[in-house]
Amino acid sequence: MSLAALLPLLAVGCIVAPGDETAPQDDEVVEDDADALTVTAPVSAYFDAATTGGYVDGYRVIGSTTPPSWSWGKTELLEGRQKYRTEGYNLRVQKLRNGDTFQSSEYPLRTYNGALNQQLVDGFNLAYNNACATGTGACPDKGPTRPEARYVLLHHGPKTAALNCSTTRAPVLLVHGAMQNGNVWIRPNGDNGSGQTYPGTTQKDGFVKALEDANICTYAVTFGNFHGDNFNHAINLANAIARVKALTGRSKVNVVAWSKGVLPVDLYLANVSSWTDWGTKYFEQIAAEQAKQVPAFRQDVRTYVALSGPHLGIDLNFRHPYNPLLIYSTAENAPLGQGPVTWSFMSAVQCVTWGYSDSPDDLPMGNPYAYSVCENRGGMWPDFWTRIYTSNITGLDTTGKPVYAKSLKVLNTEQGVTASSFSFDKYNLAMWGSVDESGKYVSPYLGQLQAAYDLRSYYPIPNRQDDPVSYDWSTLDTDETKWRDWMSIKLGYNPVPPYVLGGYVDDDAGHIACRQHAYTPGSSPCTAKHAYYHAATAKSYLWGYGTYDLMGGIGIQATTEMGGNFINRLKSRGLSPNVDYLYVLHGTSSGQPGSIFEIDGMATPSSDPHGDGVLFDVSIAARDQLTQGWTSTQKTSKSKQEGLPYGHLEMGVTPAVFTKMIAQFNALP
């Protein structure tokens, strides 16, 4: 659409007085009184069927692939025979083929990561033999881009594949985190096939080369869903350890887990299958059944390196409105768009677009932040107050089952999305998922759901107005500079005479209400006032302004319950003292400029951060939590905690950190 064509539409849509909608009387409140429905599926409905021979505590090797010489030496596909919870997927968490990998002139991810991504799809395709693996069309719901939970890839380092490493030393197994895969350990900055790394980076090799140079046999896993269920991943971890022991002839393995990757290791080493204090609520009963499936700890871990992991959970996306906004408005295959949101809906005004710019190539104003569910939304006043729903769940009933009123499709088509363009997998973005058209609960983010935990008792939401001018948060806070400032510009803009304020964010002076909103269910304290009246979504109308909720959600308490109260259970238990050694290694810096996400742990912007830029100290520096039940002698002799001056995104890819871990492996007899 040309600029000349766009301006008349803006003029028509942007009027100070209410438009064609019928304005309500002052103080009239608009409410939705739809009858609620409740999920009725039994616990058993959420588990995959057994393979031939029934459920067995074991695994089998499906086959292997041989990647190019610059990559892994070998990749095996392992199939677990245990009982797994069914993984959910959407367009953002499925495995990417080469042709699916995001590519633009500004972000050439396909050039440097496309072949690495394709290797993963090829590995999972050993189970499916589907031609879609190398094509461009959609793959089946159970297939190489959406593998079933029982499958995990086991990568062998280049030297390790030929056992050109010491088989008299304990091998190392590397476990990736969320939005990662095993490739982060071998080519952290990608590889274009000719040895070149992503523009702006110089480090070619990852931890695999450092380990193999130290003559240590090295392996890594890739889970099917990088946001996947932690119990499933714990089963896969136990199977991978068993396979590494069989390959090397060693009885124990060193395990390094980064970020979310620590949670399945914690479960395995804490003997989760022996936990018996699960509650009676719906999702705790699912968790209780899952826990039984994780193999008991086989005393086969020599050193466990917990590398900046959320042992006490994470509430990052609950704290920062900008994070959900970015996820809503970013392409499905772009890495920053691959996380979960903490809202059930948001008003379209928040979408980062002035109208019909769906990609960087659109004219006249190409916009890289207007893909996905934000396409063609929020560009003009008549569309500001339609809603974009990413969950239809409104809460939990007394038994803990999800409650909903309408399908996700109905909610969005009522707000202007055409039925033909709606896709459940496009819109199902909330951390706690949605109920699909068949009435079944589906979440693509089970592992993140389990990790949700309210950390405000440790690190309160800061008041943005109570510091001296020298402590101005707006210079570093993404919520101020990218969420609130953006909202203020869009709401206030009025191109039609009289040029009065079109609207504003109706927040408290400290800008706390909008940041607190995602923690609480029900009517939001974070609202906007605007001169345009939209009958379907306005909460009230008074003195020429409608009041609108900017976003909605079910709150962190319900989210935590839907995760089976996972962190509550985990935090009260330590690991088995039969682990030979525990090395808690975490970051103490906010990270490189531009990489910081979590800033609420600082008392002031000039203070030292209480975390690694993503996770708080209380969650990552977890030696005391992990050694519960150990004697003081065991804790002193068999564990150590150390902080290094790096951010979360650097801890698993920095040579100085590699050196620390290798030194620890060498320190044990």
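Scanning the stretch 610-631 for residues that are without any contact (Cβ under 8 Å) to a residue 40 or more places away in the chain, more than 16 Å from ARG573 (Cα to Cα) and surrounded by fewer than 21 Cβ atoms within 10 Å (Cβ to Cβ) yields one hit, ASP617. Open to solvent by less than 30 Å² (accessible area, probe 1.4 Å) and either touching a residue at least 60 places away in the same chain (Cβ under 8 Å) or in a loop (DSSP other than H, G, I, E, B) (or both), is that true of ALA535? No; evaluated as a whole, the condition is false for this residue.
For the stretch 290-311, filtered to residues that are crowded, with 24+ Cβ neighbours inside 10 Å and of a type in the set (S, T, N, Q), the residue that is nearest to ARG623 (Cα to Cα) is SER308.
Within the stretch 357-381, the set of residues being more than 26 Å from the chain's Cα centre (by Cα) and either within 25 Å of GLN285 (Cα to Cα) or surrounded by fewer than 18 Cβ atoms within 10 Å (Cβ to Cβ) (or both) comprises ASP361, ASP362, LEU363, PRO364, MET365, GLY366. Counting only residues that are farther than 20 Å from THR202 by Cβ and in a loop (DSSP other than H, G, I, E, B), which one in the stretch 646-669 is most open to solvent (accessible area, probe 1.4 Å)? So the residue we want is PRO669. Check the stretch 154-169 and report whether any residue there is open to solvent by less than 30 Å² (accessible area, probe 1.4 Å), without any contact (Cβ under 8 Å) to a residue 24 or more places away in the chain, touching a helix residue (DSSP H, G or I) at 6+ places or on another chain (Cβ under 7 Å) and not in a helix (DSSP H, G or I). No: zero hits.
Step by step: first the residues of the stretch 490-510, then only those that are at pLDDT 85 or above and within 29 Å of the chain's Cα centre (by Cα), then the one that is surrounded by the most Cβ atoms within 10 Å (Cβ to Cβ). Which residue is that? Among those that are at pLDDT 85 or above and within 29 Å of the chain's Cα centre (by Cα), it is LYS490. Looking across the stretch 266-289, the residues that are open to solvent by 10 Å² or more (accessible area, probe 1.4 Å) and outside any loop (DSSP other than H, G, I, E, B) come down to SER273, SER274, TYR282, GLU284, GLN285, ALA288, GLU289.
Okay, residues lined up against (1) part of a helix (DSSP H, G or I); (2) touching a His at 6+ places or on another chain (Cβ under 9 Å):
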{"site": "ILE567", "(1), (2)": "yes, yes"}
{"site": "PRO593", "(1), (2)": "no, no"}
{"site": "SER619", "(1), (2)": "yes, yes"}
{"site": "GLN625", "(1), (2)": "yes, yes"}
{"site": "GLN634", "(1), (2)": "yes, no"}
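Annotation: of all residues in the stretch 194-230 being in a loop (DSSP other than H, G, I, E, B) and in contact with a Phe, Trp or Tyr (Cβ under 7 Å, 6 or more places away or on another chain), the one that is surrounded by the fewest Cβ atoms within 10 Å (Cβ to Cβ) is GLY195. Look at the stretch 242-259 and say how many of its residues are among the small types (Gly, Ala, Ser), open to solvent by 50 Å² or more (accessible area, probe 1.4 Å) and within 9 Å of ASP300 (Cα to Cα). Number of matching residues: 1. Per the listing TYR151, TYR107, TYR128, the residue uniquely open to solvent by 30 Å² or more (accessible area, probe 1.4 Å) and either charged (D, E, K, R) or modelled with pLDDT of 95 or more (or both) is TYR128. Listed by position, the helices (runs of 4 or more DSSP H) inside the stretch 348-457 whose residues that are small (Gly, Ala, Ser) and in contact (Cβ under 8 Å) with a residue 12 or more places away in the chain number at least 2 are 446-451. Mind listing just one residue for me: the one in the stretch 407-461 that is open to solvent by 60 Å² or more (accessible area, probe 1.4 Å) and farther than 30 Å from GLY378 by Cα and, of those, farthest from the chain's Cα centre (by Cα)? For the stretch 407-461, the residue satisfying everything is SER438.
The combined condition, being more than 21 Å from the chain's Cα centre (by Cα) and either over 22 Å from GLU642 (Cα atoms) or modelled with pLDDT under 95 (or both), is not fulfilled by SER576.
The values are calculated or read from the model by the stated rules, or taken from the named source; none is laboratory data. All of these numbers come straight from a predicted model, not from anything done at the bench. Glycine also receives a Cβ, built like all others from the backbone with ideal geometry; neighbour counts cover every protein chain displayed. Calculation scope for accessible area: heavy atoms of the full protein, side chains included, ligands and nucleic acids excluded. Shrake-Rupley method; radii C 1.70, N 1.55, O 1.52, S 1.80 Å.
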